[in-house]
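What follows is one structure encoded as structure tokens, with my remarks underneath.
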Amino acid sequence: MSLAPLVETKGMSWFADAYTIGAYATPDSRYFVCNFGDGTVRILDLTAAADGFKVIEVHKGSAMCLSPDMVKGAFLSGGDDGKLVKIDVDGATEVVADLGRKWVEHVTATETGYRAYASGKDVFIQGKKKGDEPRKVTHASSVGGLAINPKGRRLAVSHYDSVSLWWLATKDGQAQALPWKGSHLQVTWSPDGDYVVSTMQENSLHGWRLSDGQHFRMEGYGAKIRALSFVKRGQFLATGGADTVICWPFTGGGPMGKAPQEFGGMMNGPPVTCVAAHPKMDVIAAGFENGKVIVGQPGSPRVMPIAEPFTDKENSAVSVLAWTPDGDRLLAGTENGDVHVVDFRAIS
């Protein structure tokens, strides 16, 4: 992929007329799967993209979260109707959990055979054995985010004053607490599994190095950090929340005492609302509050413009970015329901 600046990137666009909640690609890079605020899940077959998205009515209300399932090629969508639904790319659906009037607010899964989903203070951990009842673990406050480590063995749960680490295979064990005062929202693991990082309510990040218990704070943001993504080799953590893409170095002992590198955006411009690292290269896609999408590299002055604001409506912030696993295509979706897909193989 060349990062020479482009005047225009060819792509295909659709309008869903609903908030884009989540988006992922299948492992074979053939399909994009998205869910939306109108309760639908929409599937795009990239071998027949001109036919558009197949629309599946999944939730009676809004979708809240989306994740690849532990079943390869399937996806999980949680909604404010209390249902966690498994969706196959052929359109088949199965309700795997029904919490009644409680919202399914967060979900994640791993191909090692576990699902985890959250509602309020409760997290449910479900194994792959058919008929197994989900294990419920309750926290002192509402869950802000879920993430399973790269080996598929531990679950990080962010909440007020702490991130809790649970062993997925242990039914009666206690969580390891990573304490820090404040409200922890999204949470992620570094590719080597040694670092856990969460976004905070007060426009900052907090992280822990598990090998020695060292913790650290990353601050200076002008807006809420709504997205973070480690590059494939783990040497940088890209984040939103500023008018440029902020990339913290994680080599040589982590970011403590080090300045971040930046790219894209402009001083006092719209903040970055979404980031997604390329699956194979040290390249990052970033979306802005005004709907603009770029691709760049930490510390490089060159960026590739992918899309200008999709509409002139208000609140058209980029809410999701998703790469296909082969790295050839990128999907961007906005709060207005604009969806844009670009194929980098067509770029010379």
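Laboratory data are not the source of any read-out in this text; all were calculated from the coordinates shown. Values in this document were obtained by computation on a predicted structure and should not be read as measured data. Heads up, the Cβs are rebuilt from the backbone with ideal geometry, glycines too, and the neighbour counts pull from every protein chain shown.
Distance between Cα centroids, segment 263-337 to segment 108-164: provide it in whole Å.
Spelled out, the Cα-based centre of one part sits 29 Å from the other.
Between segment 24-70 and segment 175-237, what's the alpha-carbon centroid distance in Å?
If we compute the Cα centre of each part, the gap is 29 Å.
For I56, I246, what ranking results if the residue with the fewest other Cβ atoms within 10 Å of its Cβ goes first?
Taking fewest neighbouring Cβ atoms as first place, the list is I56, I246.
Treating only the Cβ atoms of Lys and Arg (+1) and Asp and Glu (-1) as charged, compute the dipole magnitude of segment 211-336 about its Cα centre; round to the nearest 20 debye.
For segment 211-336, the charge dipole is close to 280 debye.
How would you rank V245, V71, V341, V275, going from fewest to most other Cβ atoms within 10 Å of each one's own Cβ? Each step should come with its number before you reach the end.
On the way: V245 28, V71 16, V341 21, V275 25.
Ordered from fewest to most neighbouring Cβ atoms within 10 Å, V245, V71, V341, V275 come out as V71, V341, V275, V245.
Just want to confirm a number: the relative contact order over the chain, from Cα pairs under 8 angstrom separated by 6+ residues, in percent. Display every interim value, and only then the final one.
Details: 994 pairs, mean separation 48.9, N = 348.
Dividing the mean separation by the residue count of the chain yields 14 percent.
So I have [x] 24.1; [y] 20.3; [z] 21.2, and one of them is Kirkwood radius over Cα pairs in Å calculated from this model. Which one is it?
[y]
If the reach is capped at under 19 angstrom between alpha carbons, list the lysines near K72, excluding any in the same chain fewer than eight residues apart.
Once the sequence-local lysines are set aside, what remains near K72 is K86, K128, K129, K130, K151.
Using Cα pairs closer than 8 Å and at least 6 residues apart in sequence, work out the relative contact order for segment 132-231, in percent. Write out the running numbers ahead of the final one.
On the way: 210 pairs, mean separation 18.4, N = 100.
Here the relative contact order equals 18 percent.
Among N149, N268, N203, whose mean-square fluctuation peaks in a Gaussian network model of the chain (Cα, cutoff 10 Å)?
So, out of N149, N268, N203, the one fluctuating most is N268.
Taking 8 Å as the Cα distance limit and 6 or more residues as the minimum spacing, I'd like the relative contact order of segment 1-153 as a percentage.
On the way: 347 pairs, mean separation 20.4, N = 153.
Dividing the mean separation by the residue count of segment 1-153 yields 13 percent.
Using a Gaussian network model of the chain with C-alpha springs under 10 Å, which one of Q176, Q126, Q201 is most mobile by mean-square fluctuation?
For the chain, modelled as a Gaussian network with Cα springs under 10 Å, the answer is Q176.
Using amide H atoms built 1.01 Å from N in the peptide plane, name the residues 5+ places from K83, or on other chains, whose amide H lies under 5 Å from its own.
L99, V104
Specify which residue in the list A223, V272, T108 is farthest towards the positive end of the charge dipole of the chain, using unit charges on the beta carbon of Lys, Arg (+1) and Asp, Glu (-1), about the Cα centre.
T108
So, with +1 on the Cβ of K and R and -1 on the Cβ of D and E, and no other charges, what is the size of the charge dipole of segment 1-138 about its Cα centre, to the nearest 20 debye? All intermediate terms of the calculation are to be shown ahead of the outcome.
Numbers: 17 positive and 19 negative charges, 100 e Å.
Approximately 480 debye in magnitude.
Could you pull out every one of the lysines with an alpha carbon less than 28 Å from that of K292, ignoring same-chain neighbours closer than 8 positions?
Of all the lysines, those that pass the test against K292 - Cα under 28 Å, at least 8 places apart if same chain - are K10, K54, K224, K232, K280, K313.
If neighbour count is taken as other Cβ atoms inside 10 Å, put L178, L237 in order from fewest to most.
Numbers: L178 21, L237 27.
Ascending Cβ contact count within 10 Å gives the list L178, L237.
Explain nothing, just compute: Karplus ³J(HN,Hα) = 6.51 cos²θ - 1.76 cosθ + 1.60, θ = phi - 60°, for every residue of segment 18-29 in order, whole Hz, x for Gly and Pro.
7, 4, 7, 8, x, 7, 8, 10, 6, x, 8, 6
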